[in-house]
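Nothing in this text is a laboratory measurement; each read-out follows from the coordinates by a stated rule. Since we're looking at a predicted model, the values are computed, not measured. When we count neighbours, we look across all protein chains shown, and the Cβ atoms used for this are built from the backbone with ideal geometry, even at glycine.
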Amino acid sequence: MNQPTNTPARNTKIMNRFDLTSRLVAKLKNEEAVVGGIGNTNFDLWATGQRPQNFYMLGSMGLAFPIALGVALAQPKRHVFALEGDGSILMQLGCLSTIATLKPKNLTMIVMDNGVYQITGAQPTPAAASADIIAIAIGSGLANSAWAADEEDFERLVDQALTASGPTLIGVRIDDRPGTGATRRDPVQIRERFMLGLGVREAM
Amino acid sequence: MAAAEGQTSSQTSHDKASHDRTPHERSWHEIVLQTLKRNDIRLVPYVPDRVLTTLIKNIHADPFFTTFPTAREEEAVGIVSGAWMAGLKGAVLMQTSGFATLANVLASLAIPYQIPLIMFVSERGTLGEFNYGQALVCRTMRPVLDSLAMEHHTATRLDEFEFIVDRSIKQAITTQAPVALILSPLLTGGKVFEK
């Protein structure tokens, strides 16, 4: 499992999803929105503390970036982050082209790539041994896409993304550890709290 | 899914809407555009369909709307769901075969999160269909909608169309429940094989 490929682009440190998510959240000072994709990606987001501006997907695999794009279009002054797994983004590669065409400068996409469907038993994805997700993103028109070499590089890329003039995609290689927390599976409360956090709703 | 052979009949004498129009009578697509505007629906991602061509062109031409194609219909559903949670209302345009790709996102996002997803589905597969695959996939649409207990209406008549669209949009938003508005060939003229 989790065999690194020989491509130079993936010659990067293997990091940890929860650690990277914690580093991201620690940088959020302006009520930035964060959309966590299905499974471990949102479990680890949940485990970093339940910010009201977090949205946790409980299904709809592959739609973290499209959901985040919708938030970014609706609130252009708020920066929006989306956390997605490599298996998930493989299900919805077309959205990279849509985002590249619309060029929302307040959207940052992070792909957590361990090469496996960890949550279903760590089976390798069809891309694990061959495809390079950053190369796919660049080929889709997302010029501002890069692998993070290590944790420090990841933080630097996040800082750059916050002031970028277009959308950013950051790839991180991660280990195959499961998520740290477990999101409470209450979609209505998740959605309502997110809307409160984004200032769309007032508490009842 | 979107592009296929054949001609839309909306430019031909088959266009029901253009038959006996008085100068003030609006076409179905004018009604859609105006009713979206009246209800402040500004975001319109779509996967195109021949029948929707004029509507899509006119929505692009109107700066009120943010409109663009997506690669898949569920991508568009994700986008309008995120936008609505952030305060911007939207609707998705698609054809029958596109709706057939949506069961998972309806059951795991729109319905359980109580998101007022508004869908316009141009109906292929019936009343003169020339592609057997379209005819088959069309038969899955209403069973899927019914199995999820989703609100849906099939619009066949111009005289009641604005009422259906306007009321359905308002109901979706106030009850936070998705709605599918199926545009029958009886309303749009549909797409027919003309060779």
> Can you tell me which residues in segment A:28-41 are buried (at least 24 other Cβ atoms within 10 Å of the Cβ) and over 16 Å from B:Gly78 (Cα atoms)?
Replying inline: A:Asn40, A:Thr41
> Within the set of pairs 6+ apart or on separate chains, which have a first residue in segment B:108-135 that is away from chain A (no Cβ under 14 Å), a second that is of a type in the set (Lys, Arg) and crowded, with 24+ Cβ neighbours inside 10 Å, and C-beta atoms under 6 Å apart?
Replying inline: B:Gln134/B:Arg124
> Are any residues in segment B:80-102 part of a strand (DSSP E or B) and not aliphatic (A, V, I, L, M), and if so, which ones?
Replying inline: B:Gly90, B:Gln95
>> Filter segment B:169-194 down to the residues that are crowded, with 22+ Cβ neighbours inside 10 Å and small (Gly, Ala, Ser) and list them by number.
In response: B:Ala172, B:Ala180, B:Gly189, B:Gly190
>> Filter segment B:177-195 down to the residues that are in contact with a helix residue (DSSP H, G or I) (Cβ under 9 Å, 6 or more places away or on another chain) and farther than 19 Å from B:Thr54 by Cα and list them by number.
In response: B:Ala177, B:Pro178, B:Val179, B:Ala180, B:Glu194
> Could you give every pair whose Cβ atoms fall below 9 Å, whose first residue belongs to segment A:52-79 and is within 7 Å of chain B (Cβ to nearest Cβ) and without any contact (Cβ under 8 Å) to a residue 12 or more places away in the chain, and whose second residue is assigned to a loop (DSSP other than H, G, I, E, B) and small (Gly, Ala, Ser), counting only separations of at least 6 or pairs across chains?
Replying inline: A:Gly70/B:Ala86; A:Ala74/B:Ala86; A:Ala74/B:Gly87
>> If I ask for residues that are within 14 Å of another protein chain (Cβ to nearest Cβ) and either of a type in the set (Asp, Glu) or in a loop (DSSP other than H, G, I, E, B) (or both), which ones from segment A:94-130 would you list?
In response: A:Lys103, A:Pro104, A:Asn106
> Does B:Gln95 qualify as being more than 14 Å from chain A (Cβ to nearest Cβ) and out of contact with any Gly (no Cβ under 6 Å at 6 or more places or on another chain)?
Replying inline: yes
> Going through segment A:29-48 one residue at a time, which ones are touching a residue at least 24 places away in the same chain (Cβ under 8 Å) and closer than 26 Å to A:Pro76 by Cβ?
Replying inline: A:Asn30, A:Glu31, A:Glu32, A:Ala33, A:Val34, A:Val35, A:Gly36, A:Gly37, A:Thr41, A:Asn42, A:Leu45, A:Thr48
> In segment A:143-170, what residues are in contact (Cβ under 8 Å) with a residue 60 or more places away in the chain, of a type in the set (Asp, Glu) and out of contact with any Ser or Thr (no Cβ under 9 Å at 6 or more places or on another chain)?
Replying inline: A:Glu151, A:Glu155, A:Asp159
